[in-house]
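The values are calculated or read from the model by the stated rules, or taken from the named source; none is laboratory data. Note that the structure is predicted; figures quoted are calculated from it, not measured. We place every Cβ from the backbone using ideal geometry, glycine too, and count neighbours over all the protein chains shown.
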Amino acid sequence: MRIRAGYEITYECPQPTPMLALLNVHSSRYQDLETPDVLRTEPYAPVTQYHDGFGNLCSRIVLPPGRTVLSADFVVRDSGAPDPVSPEAVQHPVENLPNDVIVFLLASRYCETEHLSDLAWRLFGDIPPGWGRAQAIVKYAHERITFGYEHARPTKTAFEAHEERLGVCRDYAHLAITLCRCMNIPARYCTGYLGDIGVPVVGEMDFSAWFEVYLGDRWHILDARHNKPRIGRILMARGRDATDAAITTSFGPNVLAGFKVITEELS
């Protein structure tokens, strides 16, 4: 399968504004790129890049005063297969987890395990550890939150999403991640492209958030927003939560003046 992906994001800044952008395809998908994934700016602004500790390609830009458009348009190959399902995946005791996985058991900015631990153990403590427990958590988060773009709030945490029962894809992911961590299942946040491939087209295209859990010596994709395997995910960034994988982080005042995302299957 060949997928065309890209974006056009417009910012208006009253003064020169440094920005960190995680808009490129993740390093784990570089070999699938059919055309270059290049971050362009209009008007031109220098872009420097580095890889962070999660393998994300980070772009550093200083947006000039006025209007700046960030854009990309590329083609990536994909297997066309839905997300794998692994009912045999086992949960590892914490003492047997790899050192680099332990961080994904800890509380983070949007995943405050201390507020949801007691609830998690009441809800999922009787479910055998492993894939079934992770799936029960996904189902709970999927049913707990009602989706709506009008419910988006950049400061909303997993606990707040749980109590308000409203949110967007990142809130589903944060809630499920937090509950998994409470149950000693390492979980990390993911963001990227997810087009309407194999499902009815609903609304405007946007970037999507999902998460991964560590079971059976590897990471597995799970999606609390959709609660079903999907086709054509293109990972851009991952981390502890949306802080580590934010599409852009600005260091000064700005206004988001335009936002368009492209994700479509090519014949």
Checklist entry - Can you find a residue in region 240-260 that is crowded, with 19+ Cβ neighbours inside 10 Å and in a strand (DSSP E or B)? => result no
Checklist entry - If we keep just the residues of region 43-74 that are out of contact with any Ser or Thr (no Cβ under 7 Å at 6 or more places or on another chain) and among the charged types (D, E, K, R), which is farthest from Leu23 (Cα to Cα)? => result Asp52
Item to check | Conditions (1) touching a residue at least 24 places away in the same chain (Cβ under 8 Å); (2) surrounded by 15 or more Cβ atoms within 10 Å (Cβ to Cβ); (3) of a type in the set (Asp, Glu); number of the one not met by Asp217 | outcome: (2)
Item to check | Single condition Arg188 does not satisfy, out of (1) buried (at least 24 other Cβ atoms within 10 Å of the Cβ); (2) in a strand (DSSP E or B); (3) of a type in the set (D, E, K, R); (4) touching a Leu at 6+ places or on another chain (Cβ under 8 Å) | outcome: (4)
Checklist entry - For Gln49, are the conditions met, namely being over 24 Å from Ser267 (Cα atoms), in a strand (DSSP E or B), polar (S, T, N, Q) and more than 18 Å from the chain's Cα centre (by Cα)? => result yes
Item to check | Boolean, Ile102 is at pLDDT 95 or above, assigned to a loop (DSSP other than H, G, I, E, B), of a type in the set (A, V, I, L, M, F, W, C) and out of contact with any His (no Cβ under 9 Å at 6 or more places or on another chain) | outcome: no
Item to check | Number of the exception - Arg181 against (1) over 15 Å from the mean Cα position of the chain (by Cα); (2) under 17 Å from Ala245 (Cβ atoms); (3) assigned to a loop (DSSP other than H, G, I, E, B) | outcome: (3)
Checklist entry - Any residue in region 156-176 that is surrounded by 16 or more Cβ atoms within 10 Å (Cβ to Cβ), of a type in the set (Lys, Arg) and either free of Cβ contacts under 8 Å to residues at least 40 places away in the same chain or within 30 Å of Ser267 (Cα to Cα) (or both)? => result no
Item to check | Single match in Gln91, Gln15 (criterion: surrounded by fewer than 15 Cβ atoms within 10 Å (Cβ to Cβ), out of contact with any Phe, Trp or Tyr (no Cβ under 7 Å at 6 or more places or on another chain) and not acidic (Asp, Glu)) | outcome: Gln15
